[in-house]
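Below: the structure, in C-alpha cells.
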Number of protein chains: 2
Amino acid sequence: MGSLSSMNIEPARKSFPNVVNINPLDPEEFRRQGHMIIDFLADYYQNIDKYPVLSQVEPGYLRKLLPMSAPNVGEPVEAILEDVQKHIIPGITHWQSPNYFAYFPSSGSVAGFLGEMLSSGFNVVGFNWISSPAATELESIVMDWLGKLLDLPQAFLFAGNCGGGGGGGVIQGTTCEAMLCTITAARDQMLTKIGRHNIEKLVVYGSDQTHCALAKAAKISGIAPQNIRAIRTKMETSFGLSPESLRSTIIKDINEGLIPLYLCATVGTTTTTAVDPVGPLCNVANEYGIWVHVDAAYAGSACICPEFRHFINGVEGANSFSLNAHKWLFTTLDCCCLWLKDPTSLIKSLSTNPEYLKNKASDSKQVVDYKDWQITLSRRFRAMKLWLVLRSYGAANLRNFLRNHVKMAKHFEELVCSDSRFEVVVPRYFAMVCFRVLPSAILKLSKTKLINHHYYYSINYENNEMDAIANEFNRKLLERINAAGEIYMSHGMVEGIYVIRFAIGASLTEEKHVIMAWKVVQHMVDTMLN
Amino acid sequence: MGSLSSMNIEPARKSFPNVVNINPLDPEEFRRQGHMIIDFLADYYQNIDKYPVLSQVEPGYLRKLLPMSAPNVGEPVEAILEDVQKHIIPGITHWQSPNYFAYFPSSGSVAGFLGEMLSSGFNVVGFNWISSPAATELESIVMDWLGKLLDLPQAFLFAGNCGGGGGGGVIQGTTCEAMLCTITAARDQMLTKIGRHNIEKLVVYGSDQTHCALAKAAKISGIAPQNIRAIRTKMETSFGLSPESLRSTIIKDINEGLIPLYLCATVGTTTTTAVDPVGPLCNVANEYGIWVHVDAAYAGSACICPEFRHFINGVEGANSFSLNAHKWLFTTLDCCCLWLKDPTSLIKSLSTNPEYLKNKASDSKQVVDYKDWQITLSRRFRAMKLWLVLRSYGAANLRNFLRNHVKMAKHFEELVCSDSRFEVVVPRYFAMVCFRVLPSAILKLSKTKLINHHYYYSINYENNEMDAIANEFNRKLLERINAAGEIYMSHGMVEGIYVIRFAIGASLTEEKHVIMAWKVVQHMVDTMLN
C-alpha cells in the first residue's frame, strides 16, 4: 500500500478540474480517496512516537498559515493531506501517542475507528426508530451487552423488561450531557410534586472532587449556583465522599428550607481516581428521595473485570449510571454510556412529538425513540462503534487490555516508590498514579540555588512553606517535561499539594514506554536538583 | 480493490486467535481493516439504490438475530462485516440513497467522510486550546470562512476582532444544543439583572412552525413550559412569523408581569421551509431587549448563493445565528455551525475552570477554549470535516451542488403543477416541495369506493369534511409509497392540511431519480383512484 510520502505530491497546488457534474458522493472517488486516508492514518500511527506529544505551537499559529477565505475552486485531496501533514499535525496534541499520559486516555482502536467509519458512511440521522431501526435496536442491544459485562442489576437493562416500564441504556455524547439529562428528569419529577416556583430551592450534591461537569449541567438546568454543593473530602479517606458528610449537608439544607434533589457519586474522580462509596451514599440519598447518578466516566470500564467490580457495589441503589467508553474502552470519542432504571422519567422531560416526526412505529409504543432520551434530536449511529469494539476484541481481550494498563501503572508506581526523592501521593486504584517530588528532596538544595532556579522567591521561608516550594518545583518539573515533548502528563491539586498525574491508557502504550517515561522524569529531576 | 463479496468469507465464525499481545491500535491491522471498510462502503454506495429506502423491518427484528451477550473471544472483521450486510443494512433507512426525499437531507460527501476519518483517527479530546491547538484554531478559521461565504456581518466573525471582545463561531452538535446554549446565556444575563427568583417569569418566543427543539431547549434550561410561546402563523403569509403578532404577544406578556427573554426566528421551517422575516422581527425584539437567535438549520446553507442571501437579510440585528452543515452542506452528522456577536455571554454561563485543566495558554486569555462555548467539555475535532468540505469542493462547486438541488425541486414542482389532480400547497423557496392530491380529485371517486378503500369511513360527509378525506387519502398514499420502498418522503400538517414533503438534497440524487419519484407518486395515485 502506498503511503502519503510515496504519493508524489506536487508542491504547487493543482486546481481541481471544476466540473459541474462532479458528484460529491461518487463511489469510485470515495474508494480512491478513502484508501488514501487509510494509508495516511496508518502511517501516522506508525510514526506517532516521533512527534512531540504535547503540541509545541504558539497561539494563533494556524491563522498565519491558512488563507483568509475558503477557496472558490476545489482543491485535490493530495494538496489537503499535505497541509494536514505540514500545518495540522504540528498543532495536534497526540492523544494516541504511546507516550501520552495526561488527563484520562482517549483510547482509540481499530475496531472503534471502523465502527465510526461505518456510522459516518451510513450517515443516518437516528432521531427515532423509523429513521433507521438498526441504529436504535443495535444501541439497545449493545447497551445490554455492556451492562451485563459490568454486572449491572437487571433493573438497568432492557432485556427481561419486554413488557416495558423497565430500565435501559442510551449512548450520549459525554458525561455532561448524561448529567444534564438526568438532572432535568429529576428536577421535573420533583417540581411536578412541589410546584415550579420551588426551582430555586433545589439542591444538587457532589464532593469537592466531583467533575466540574456536574456544576455546569446543574447550572444549565436552572439550579441556583449557590445550591450546588461540593462537599469536602479528605486525604485520610482518600478523597472519597463520606456518607456522614452527605447526610449532615442534606440535613442542614433541609433545615434551611431547601430541597435536596440530586447526588452525583463518582467512581474514579478526575484528580486522583478517588472512589465515592456508592452503596452507603445511595442509602443516605434514598432516605431523602434524592436521585443518585453514578459517574464512572473513567473507571467504569475497569469494572468489566471481576476484580474491579466491587468499586461500583451498591449501584443497585442508584437511579442512573454512566461511563465513557471513549475514555478507556477503545471506542473513539464520543460514546458516553448511560443506564437508567426509569427511562420514563427522562422521556417525560425530554420528549417532543411534532407532527412531522409522527409514525406508526412510534405510535405503537413498541419501539424506543432515543430522541426522547437525550438533549438533541438528531443523533449519530454511535452504537456501531461500541458493537465493533465488543465484538472485535471480545470480553477476554478487553479485560486483558485494561489489566495490562493497570499492571503498567503498578510498575510505574513501584518505580516511583523505589526512588526516595518521590512519593505516591494518593493510593492507586486503577491505571493512574499521582506522584510528586518530596519537599525533603528539594530542600536539600541550598537556599541560594532554590532562588536562582526560581523554585522559591525568598530565602526567609519557614517550614510550613515546604509544600509551597514543593508545589512550585513540581509545577516547573511538569512544565519542562511537557515542553520537551517526549512524554505528556497533567496535574492536579489535593489539599494544597500539587500532584503530577500519570495516566496510562493510550492504546499504543507498552511497558517500554512506561519505563522510558520514568527515565524522563528522573532525568529532569536530576537536572533540576543539580 | 477487492469488495466484500470477493473476500471469500467463510460462513462459520472463525475464532480470532486470542493473543494477549494484540495491540488494539496496531498500524498494520488498522491499514488492513481500514481498506476493507472503505471497499465495503464504496460498494454500499454503488448498490444503494437497490435497497428499499425506508427500512422494512419490524420492531424488535435485531434482537432475534444477535446473541444475548457480547462474545468472550474476539471475532474477525470479516464475520462482523458479513453481519453488517445481513443484519444491519436491512434495518437502515438509507439517508444516502438517491431516492431519499424525506425530512431534510443528511448530505454526505467524500470530503465530509474523509474529514470525519481524520478527526476519528487523531481522536483528540479538544476541550481547550492546549489539548490540541489545531482543533481549536481550525474551527475558528473555518467558521470565519463559512461566515464570509454567508456574508455574515463582521460582528459575527473572529477575523478583525483581534483585540478580543468581538464575535465568533463554534461548531456544536445540533441546533438543539445551539439553542440551549444561547437560551442559557440569555437567561443568565437577564437573571443577573433582575434576580434569580424571576426565572419563572421568563418567556421564550417562536412561531407555531418553529422546530420543537426550541421548546425542548427552553424547558431543559428551566423556562416554565407555559411561558414558551408558539405564535400562530397563517397560510396567507406563507407561515412566516409576523412582527405584529410578535409585538402583540410580547406586550400581552409584559402586561401580565412576564419578562420577554428570547426569540427564535426560523429561516426554512421544518414543515414547509417557511421563512420568518428576520430584519423586522429583530427590530421588534431589539426594542424589548430580547435575545434573537436565527435558526437556519436547513436553509442557511443555501445562503452561500447570492440569490438566496436575502432570506437572512437583517441578521445583523440578531444575537446568534446557526445552520446545520450536516443537513445541506455535505458535512456528515453532526456539524451545527453557531455564530455569536457576543460569545462572552455564552462563556459567562458555560465556563468551568477546574485546577486539572489549568494551563498557561488559557491563563493568558490569548486562546479560545471551546469547552466554554458549549454544553459538553469533551469535544470532537469537527472542524476537520468542514474544512475538507470547503477546500475539496470550493465555494463554486458547493453553490453548484445546491443550485442543482433547487433546480431539481423546481422541476418536481412543475411536474406536480402539470397534473390537475395535485396541488403545491405552499410556495417552494428552496429544494423542498410540499404537495398533496386535491380533494377534488379524490371526490371523483364514488362514495362507496371511498369507503371500500378506507379513504373515508362514512357516506354522510359534508363539504367541510373534504379536507379530512383528502388528508386520509394523502396519508395512505404516502404510507403505500414508503412501504413499497422505491422512494421515501415524509409529511407535515399545516392549517389542518396534510402535506407530503418532497425534500431534495441527498448527494447521489440526479434528475432521473426525481423523474422516477414523480412517476412512483403518479402511479400510486392512479392505482388508488381506480
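The values are calculated or read from the model by the stated rules, or taken from the named source; none is laboratory data. Worth saying up front: this structure is predicted, and the values here are computed from it rather than measured. Note that we place each Cβ from the backbone using ideal geometry, even for glycine, and neighbour counts take in every protein chain shown. For accessibility, only protein heavy atoms count, side chains too; no ligands or nucleic acids. Shrake-Rupley method; radii C 1.70, N 1.55, O 1.52, S 1.80 Å.
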- Scanning region B:383-424 residue by residue, those within 14 Å of chain A (Cβ to nearest Cβ) and aliphatic (A, V, I, L, M) turn out to be B:A383, B:M384, B:L386, B:L388, B:V389, B:L390, B:A395, B:A396, B:L398, B:L402, B:M408
- Task: May I ask you to say which residue of B:C282, B:C264 is under 30 Å from B:H197 (Cβ atoms), outside any helix (DSSP H, G or I) and in contact with a Gly (Cβ under 6 Å, 6 or more places away or on another chain)?
- Result: B:C264
- Test: residue in region A:412-428 that is open to solvent by less than 30 Å² (accessible area, probe 1.4 Å), part of a helix (DSSP H, G or I) and in contact (Cβ under 8 Å) with a residue 60 or more places away in the chain: yes
- Note on the structure: B:E200 meets each of (1) surrounded by fewer than 23 Cβ atoms within 10 Å (Cβ to Cβ); (2) more than 10 Å from chain A (Cβ to nearest Cβ); (3) at pLDDT 95 or above with one exception, condition (2)
- Query: How many residues, within region B:313-332, are open to solvent by 10 Å² or more (accessible area, probe 1.4 Å) and within 13 Å of chain A (Cβ to nearest Cβ)?
  - Reply: 1
- Listed by first then second residue, the pairs whose first member lies in region B:37-66 and is at the interface with chain A (Cβ under 8 Å from one of its Cβ atoms) and within 30 Å of A:A42 (Cα to Cα), whose partner is among the basic types (K, R) and open to solvent by 10 Å² or more (accessible area, probe 1.4 Å), with beta carbons under 8 Å and at least 6 positions apart or on separate chains, are B:I38/A:R31; B:D39/A:R31; B:A42/A:R31
- Item | Single match in A:A441, A:A409, A:A470 (criterion: modelled with pLDDT under 95, surrounded by 20 or more Cβ atoms within 10 Å (Cβ to Cβ) and of a type in the set (G, A, S)) | A:A470
- Task: Hey, could you check region A:486-530 for residues that are assigned to a loop (DSSP other than H, G, I, E, B) and surrounded by fewer than 16 Cβ atoms within 10 Å (Cβ to Cβ) and say which is modelled with the lowest pLDDT?
- Result: A:N530
- Per the filter on region A:350-365, residues buried (at least 16 other Cβ atoms within 10 Å of the Cβ) and in a helix (DSSP H, G or I) are A:L350, A:Y356, A:L357, A:A361, A:S362
- Message: List pairs: first residue in region A:227-245 and in a loop (DSSP other than H, G, I, E, B), second residue open to solvent by 40 Å² or more (accessible area, probe 1.4 Å) and at pLDDT below 95 anywhere in the structure, Cβ distance under 6 angstrom, at least six positions apart or on different chains.
- Response: A:S238/A:P427
- Note on the structure: Per the filter on region A:204-219, residues at the interface with chain B (Cβ under 9 Å from one of its Cβ atoms) and either assigned to a strand (DSSP E or B) or in contact (Cβ under 8 Å) with a residue 12 or more places away in the chain (or both) are A:H211, A:A213, A:A215, A:K216, A:A217
- Note on the structure: Note: among B:L118, B:L146, just one is in contact (Cβ under 8 Å) with a residue 24 or more places away in the chain and closer than 22 Å to B:N319 by Cα, namely B:L146
- Message: When the residues of region B:116-149 are narrowed to those that are among the polar types (S, T, N, Q) and facing chain A (nearest Cβ under 7 Å), which ends up surrounded by the most Cβ atoms within 10 Å (Cβ to Cβ)?
- Response: B:S131
- Only one residue in A:A70, A:A135, A:A111, A:A79 is in contact (Cβ under 8 Å) with a residue 12 or more places away in the chain, more than 21 Å from B:A70 (Cβ to Cβ) and of a type in the set (G, A, S), so which one is that? A:A79
- Note on the structure: The condition from (1) in contact (Cβ under 8 Å) with a residue 12 or more places away in the chain; (2) open to solvent by less than 30 Å² (accessible area, probe 1.4 Å); (3) not charged (D, E, K, R) that B:I347 misses is numbered (2)
- Message: One residue is enough: does region B:306-327 have a residue meeting the conditions free of Cβ contacts under 8 Å to residues at least 24 places away in the same chain and either touching a Phe, Trp or Tyr at 6+ places or on another chain (Cβ under 6 Å) or of a type in the set (D, E, K, R) (or both)?
- Response: yes
- Name the single residue, out of those in region A:220-244 being more than 17 Å from A:V267 (Cα to Cα) and surrounded by fewer than 19 Cβ atoms within 10 Å (Cβ to Cβ), that is farthest from the other protein chains (Cβ to nearest Cβ). A:E244
